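Notes follow the structure.
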Amino acid sequence: MEKVQYHGTGKRKTSTARVFLMPGGSGQLIINHTDFQEYFKSAAHRLVVTQALVLTDHAETFDVYVNVKGGGVTGQAGATRLGIARALLQVDPELRPVLKKAGFLNRDSRIKERKKYGQPGARKKYQFSKR
C-alpha cells in the first residue's frame, strides 16, 4: 500500500521549512530529526509552530516532519507555521477560510535590505562635512 504524505513549503526572512504531514499518526512533531520540544526551547516558538494544527483540530491526527534551515529561531518557527498551514490546505481545501482569517497563509516577506554603494549600510549615510 502506498504511503500518503502532504507537503508544504514555508519561508520567512531567510529561513526555509519543508513540511511533510503523514496521516494516521500519533501527533508527533519532528524538526531536523529532533523532537520539536528540544529544537524550540522557547514556549512562544513552540506555540507559533503548533498554532495551525491546533486551530484546525489536527494536532493528534498527523505526524509532522520538518526540515528547516537558514535564519534564526524565530524565522524558522514562522516558516514552519506557514509550511504546516500550506500542507493542511492540501489535506482539506475547506480549511482555507479558517487559516486565512487567522493569518497563517501570509508569507512574511520582510528581508534584509541590500547595502548601497557610497553608503556604509542600507540606509545610513557617511557623515557630512562642509569643509
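Read the figures in this text as sums done on the coordinates, not as results from a lab. Computed from a prediction, not measured in an experiment: that's the story for all the values here. Virtual Cβ from ideal backbone geometry, glycine too; neighbours counted across all protein chains shown.
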Share of antiparallel DSSP beta bridges in the chain, in percent to the nearest 5? 80
Under a point spin-label approximation (7 Å from Cα along Cα-to-Cβ), what is the Asp57-Lys115 distance to one decimal in nm? 5.4
Test of understanding: what is the full-extension gain from His33 to Lys130, defined as 0.36 nm times their sequence separation minus their Cα-Cα distance? 29.0 nm
As I understand it, the value is the acute angle between the Cα axis of helix 43-55 and the longest principal axis of the Cα atoms of the chain; what does it come to in degrees, rounded to 10? 50
Principal-axis tilt of helix 73-91 within the chain, Cα atoms, nearest 10 degrees: 40
Can you grab the distance from the C-alpha centre of region 115-131 to the C-alpha centre of region 46-112, Å, no decimals? 40
